[in-house]
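Here is the structure we will look at, set down as structure tokens.
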Amino acid sequence: MTTRFALVDCSSFYASCERVFRPELEGKPVVVLSNNDGCIIARSNEAKNLGIKMGAPYFQLRDFMEKQGVAVFSSNYELYGDMSRRVTNVLLQFTPNLEVYSIDESFMDFSHLKEEDVISHSKQLRERVLQWTGIPVSVGVGPTKTLAKVANRLAKKKAADEGVMVLTNTSDIEAALEQTEVRDVWGIGRQHAARLQAIGVGNARQFRDLPADWVKKNMAVTGLRTVLELRGSSCINLEADEVPAKKNICTSRSFGQPISTLSEIEEALSTHTVRCSTKLRRQESYAGAITVFLLTNRFAKDASSDYYSSKSARLPAASNSETQLLRYANALLKQMFRKGERYVKVGVVLSELVPAEQVQLDIFSVENTEKQDKLMMTLDNLRQRFGHAAVKYAVQGEEKNSKWAMKHEHLSQCYTTRFEQLLRAR
DNA sequence: TCTGGGGTCCTAGGACCC
DNA sequence: TCTGGGGTCCTAGGACCC
């Protein structure tokens with residue numbers, strides 16, 4: 001049996017999510033902003049056609065977009081996460097062999113389909129997702145994941161009502177690779193694209209035909225893997241099983257405005273640390289080390305090279321205790337903080353993660369660990385039922401009206417999870 | 001005034017050992 | 001003070017992804 005992968009990609013996902021609940025925006029330009037309303041991270045086709053670029057700073061385009069009548073939204077991850085789960089549930093009706101690759105993309109195993117059924121199957125899938133969730137998707141099919149990605153890009157370019165592209169025979173693949181610029185190949189970033197461009201490799205077909213040893217030497221094994229995948233031999237498997245446990249967990253945010261006082265940064269860092277340790281416990285891990293990093297404005301006129309500073313500490317024994325992590329985080333922060341700097345962002349990374357069942361208990365504090373575990377479980381439950389703000393530490397301060405809280409001036413409602421929100425508000 | 005957040009993998013080079 | 005080769009482990013940094 002030949003392998004066959006489908007890549008299903010939600011079109012302009014965040015913008016589409018917002019539009020599902022604002023049907024009057026159908027056919028109108030819509031954009032969604034990053035955290036802090038910083039830059040543009042999703043655009044409907046109409047917005048793309050206005051020349052609005054991905055990643056463009058919002059403040060530079062604000063006036064232009066207002067004139068053009070573009071609907072602007074702050075990012076609402078609660079909504080997008082919920083919509084993403086709905087899409088996945090529909091996809092699972094078509095095959096259980098599915099890998100959720102990101103919030104808006106899934107790889108599916110189509111190896112079991114007869115070749116002549118692939119197109120109709122893909123079209124049916126597309127229609128059902130649209131009908132049941134309101135989200136338009138494009139479907140690309142190919143013998144490897146990388147070729148499925150290539151197919152998907154082309155599917156998007158086809159007439160809006162199709163959105164399906166299947167690559168099976170060699171001549172179709174050849175043509176598809178000719179049409180694909182090398183910088184648009186999955187696994188080729190800015191640096192490699194520039195290098196390839198410089199030696200005259202402009203499209204994916206030319207890249208595929210480079211000698212393997214040149215690729216290995218200049219682009220490491222990851223580059224070689226990409227070439228092999230373009231040649232049709234599958235090197236990157238579907239990871240359909242349980243998502244592997246993360247090896248690092250990080251929480252960070254830019255401040256709403258620059259901050260120079262230690263106490264305000266402490267509030268932000270403490271809030272991030274609580275969030276981060278909640279993620280840690282959700283995947284049932286313990287952390288062996290903690291890192292705090294702090295950024296000054298790298299866009300400032302007099303930007304010095306050391307806009308980034310970080311400090312790490314190893315914990316005496318792997319821990320998932322919020323109180324302990326908070327102590328360490330704030331101690332590290334105090335070592336790094338310098339008066340007179342204008343800081344724009346702080347974050348925490350938990351690393352050297354170990355699964356709960358493998359934790360080496362600190363023999364001197366067995367009792368404490370048990371108590372801590374119970375306390376943490378109670379906190380997690382409370383927060384899950386009543387929201388993050390339900391239980392806080394004094395050091396987290398009051399997020400509302402603080403300088404460090406995110407800007408979110410165009411936030412939509414949490415339509416799909418509003419019921420829980422109402423409960424919370426009571 | 002205003003430029004996101006959260007990850008993974010690979011490699012080179014240093015530290016250390018015998 | 002100088003003289004060697006070979007191996008492992010760790011870390012920082014680079015490149016990539018969405």
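Numbers for the structure displayed
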read-out	value
Positive-end extreme of charge dipole, chain A - chosen from A:A194, A:S102, A:A212 (charges on Cβ)	A:A194
Chain A, relative contact order [Cα under 8 Å, separation at least 6], %	16 percent
Net length gained if the chain between A:Q384 and A:A194 were fully extended (0.36 nm per residue, minus Cα distance)	63.7 nm
Rounded to the nearest 20 debye, dipole of region A:91-205 from Cβ charges on Lys, Arg, Asp, Glu	400 debye
Carbon and sulfur %, accessible surface of chain A computed with the full protein complex present, 1.4 Å	50 percent
Alpha carbon centroid spacing (whole Å) that separates region A:124-168 from region A:189-209	25 Å
Mean-position separation - Cα centroids, region A:371-404 and region A:32-70, in angstrom	34 Å
Among A:T144, A:T273, A:T170: highest mean-square fluctuation, GNM of chain A, C-alpha pairs under 10 Å	A:T170
Sequence of A:T2, A:T133 when ordered by accessible area, the most exposed leading, probe 1.4 angstrom	A:T2, A:T133
Order by protection proxy (mean Cβ within 10 Å, highest first), peptides A:28-35, A:135-142	A:135-142, A:28-35
Zone of A:L411's modelled label, taken as backbone nitrogen in region A:77-100 under 11 Å from a point 7 Å along Cα→Cβ	A:77-78
Potential extension, A:M1-A:E116 segment - 0.36 nm per residue separation minus Cα distance	39.9 nm
Virtual spin-label span in nm between A:F64 and A:E174, 7 Å along Cα→Cβ	4.1 nm
Accessible area in square angstrom per residue, chain A, 1.4 angstrom probe	55 Å²
Set A:K311/A:K392; A:K48/A:K157; A:K28/A:K407; A:K149/A:K246; A:K145/A:K247 screened for pairs whose C-alpha atoms are more than 19 Å apart	A:K311/A:K392; A:K28/A:K407; A:K149/A:K246; A:K145/A:K247
Positive-pole candidate from A:N45, A:L7, A:L61, dipole of region A:1-139, charges at beta carbon	A:L61
Those GluC sites (Glu not before Pro) in region A:167-241 that DSSP places in a loop and that have at most 16 other beta carbons within 10 Å	A:E239
Residue of A:A240, A:A194, A:A268 that the Gaussian network model of chain A assigns the largest fluctuation, springs spanning Cα pairs under 10 Å	A:A194
Region A:116-275: C-alpha gyration tensor shape, a/c 1.5 cut-off, then a/b vs b/c	oblate
Dipole magnitude of chain A about its Cα centre (Cβ charges: Lys, Arg +1; Asp, Glu -1), debye to nearest 20	1040 debye
For chain A, built as a Gaussian network whose Cα springs stay under 10 Å, the top-fluctuating residue of A:M165, A:M65, A:M108	A:M65
Accessible surface ranking that places the most exposed of A:I199, A:I290 first, with a 1.4 angstrom probe	A:I199, A:I290
Linear extension gain, A:R327 paired with A:Y77, 0.36 nm per residue minus alpha-carbon span	87.1 nm
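The values are calculated or read from the model by the stated rules, or taken from the named source; none is laboratory data. Here the structure is a predicted model, which means the values were calculated and not measured. We place every Cβ from the backbone using ideal geometry, glycine too, and count neighbours over all the protein chains shown. Quick note on the areas: whole protein, heavy atoms, side chains included, nothing else; ligands and nucleic acids left out. Shrake-Rupley method; radii C 1.70, N 1.55, O 1.52, S 1.80 Å.
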